[in-house]
1. THR141 passes all but one of (1) over 12 Å from the mean Cα position of the chain (by Cα); (2) in contact (Cβ under 8 Å) with a residue 60 or more places away in the chain; (3) under 18 Å from HIS55 (Cα atoms); which number fails?
2. Can you tell me which residue is farthest from THR111 (Cα to Cα) among those in the range 52-84 that are touching a Pro at 6+ places or on another chain (Cβ under 6 Å) and open to solvent by less than 40 Å² (accessible area, probe 1.4 Å)?
3. Would a scan of the range 115-124 turn up a residue that is farther than 17 Å from PHE20 by Cβ and in contact with a strand residue (DSSP E or B) (Cβ under 7 Å, 6 or more places away or on another chain)?
4. Could you please let me know if PRO131 is surrounded by 16 or more Cβ atoms within 10 Å (Cβ to Cβ), over 19 Å from PRO93 (Cα atoms) and modelled with pLDDT under 80?
5. Output yes when any residue across the range 85-94 is part of a strand (DSSP E or B), more than 26 Å from MET136 (Cβ to Cβ), of a type in the set (A, V, I, L, M) and more than 11 Å from the chain's Cα centre (by Cα), and no when none is.
6. Would it be correct to say that TYR87 is modelled with pLDDT of 85 or more, aromatic (Phe, Trp, Tyr), out of contact with any Pro (no Cβ under 7 Å at 6 or more places or on another chain) and under 20 Å from ARG11 (Cβ atoms)?
7. How do the pairs read when you match residues in the range 75-87 that are polar (S, T, N, Q) with residues anywhere that are open to solvent by 60 Å² or more (accessible area, probe 1.4 Å), using Cβ under 8 Å and keeping only pairs 6 or more apart or on different chains?
8. I'd like the residue in the range 98-125 that is among the hydroxyl-bearing types (Ser, Thr, Tyr) and open to solvent by less than 50 Å² (accessible area, probe 1.4 Å) and, out of all such residues, is farthest from the chain's Cα centre (by Cα).
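The values are calculated or read from the model by the stated rules, or taken from the named source; none is laboratory data. Quick caveat: nothing in here was measured; it's all calculated off a predicted structure. Note that each Cβ is placed from the backbone with ideal geometry, even for glycine, and that neighbours are counted across all protein chains shown. When the accessible area is computed, the model is the full protein with side chains, heavy atoms only, and any ligands, DNA or RNA have been set aside. Shrake-Rupley method; radii C 1.70, N 1.55, O 1.52, S 1.80 Å.
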Amino acid sequence: MSENQPKVVSRDDVEPVRWFGEEGRFLLRKEDTGGLYSFYQITTQPGSGPPLHVHEKADEAFFVNKGRYEFEVGGVRTIVPAGSVIYGPRGVPHRFRNLSDEPSQLLVIATPGGVEHFFIGLADLVAEGRPDWDKMQELATRNNIRGFRPTDGSHPTVGGPPAAMQGAPG
């Protein structure tokens with residue numbers, strides 16, 4: 001589809017993609033926008049969210065549609081309630097966590113488009129069982145993302161960089 005053609009998408013018509021405590025629905029993919037951006041909804045379970053990571057070539061804007069999140073962007077932690085937006089610029093480490101007692105939702109715009117390819121690959125790795133860190137890092141690198149290894153040895157969606165790596169990619 002060319003970026004000059006309108007498209008109407010119903011969220012319920014988009015098959016969800018699932019990975020560690022999160023579910024994504026990619027409403028507009030890179031191919032729908034001529035590569036300009038991706039637009040998607042993420043639903044996170046209570047206490048869930050990604051580890052600290054960096055998008056090397058993509059900016060993200062997160063709109064909290066439902067619930068309340070803690071975001072860390074560039075080392076600064078902020079509580080972001082429903083109805084608020086937070087910007088995550090490319091090259092800046094960030095993470096978020098659902099602080100609510102129920103599933104919560106973010107609407108996300110990533111520019112340029114294409115981040116959905118990482119999440120689809122991650123869902124495939126998760127479907128095979130708990131993926132090893134090296135496979136996740138290879139997938140992230142192919143998608144211009146640098147991840148930090150969780151420090152507590154738990155589920156990959158919890159934690160951050162080891163103390164020796166604060167501010168450095170994992």
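1. (2)
2. Initial filter on the range 52-84 (touching a Pro at 6+ places or on another chain (Cβ under 6 Å)): 52, 54, 59, 68.
Of the ones still in play, those that are also open to solvent by less than 40 Å² (accessible area, probe 1.4 Å) are 52, 54, 59.
Working: LEU52: 19, VAL54: 14, ASP59: 5 Å.
Here the residue is LEU52.
3. Checked the range 115-124: no residue is farther than 17 Å from PHE20 by Cβ and in contact with a strand residue (DSSP E or B) (Cβ under 7 Å, 6 or more places away or on another chain).
4. Numbers: surrounded by 16 or more Cβ atoms within 10 Å (Cβ to Cβ): yes; over 19 Å from PRO93 (Cα atoms): yes; modelled with pLDDT under 80: yes.
So PRO131 passes the test.
5. Initially, the range 85-94 is screened for residues part of a strand (DSSP E or B), giving 85-88, 94.
Now narrow it down to the ones that are more than 26 Å from MET136 (Cβ to Cβ): 85.
Imposing the further condition that a residue be of a type in the set (A, V, I, L, M) reduces the set to 85.
This time we only want the ones that are more than 11 Å from the chain's Cα centre (by Cα), so: 85.
Yes - at least one qualifying residue is present in the range 85-94.
6. Numbers: modelled with pLDDT of 85 or more: yes; aromatic (Phe, Trp, Tyr): yes; out of contact with any Pro (no Cβ under 7 Å at 6 or more places or on another chain): yes; under 20 Å from ARG11 (Cβ atoms): no.
For TYR87, the condition - modelled with pLDDT of 85 or more, aromatic (Phe, Trp, Tyr), out of contact with any Pro (no Cβ under 7 Å at 6 or more places or on another chain) and under 20 Å from ARG11 (Cβ atoms) - is not met.
7. SER84/PHE63
8. Filtering the range 98-125 down to residues among the hydroxyl-bearing types (Ser, Thr, Tyr) leaves 100, 104, 111.
Adding the requirement that they be open to solvent by less than 50 Å² (accessible area, probe 1.4 Å) leaves 100, 104.
Working: SER100: 18, SER104: 14 Å.
Checking each candidate, the answer is SER100.
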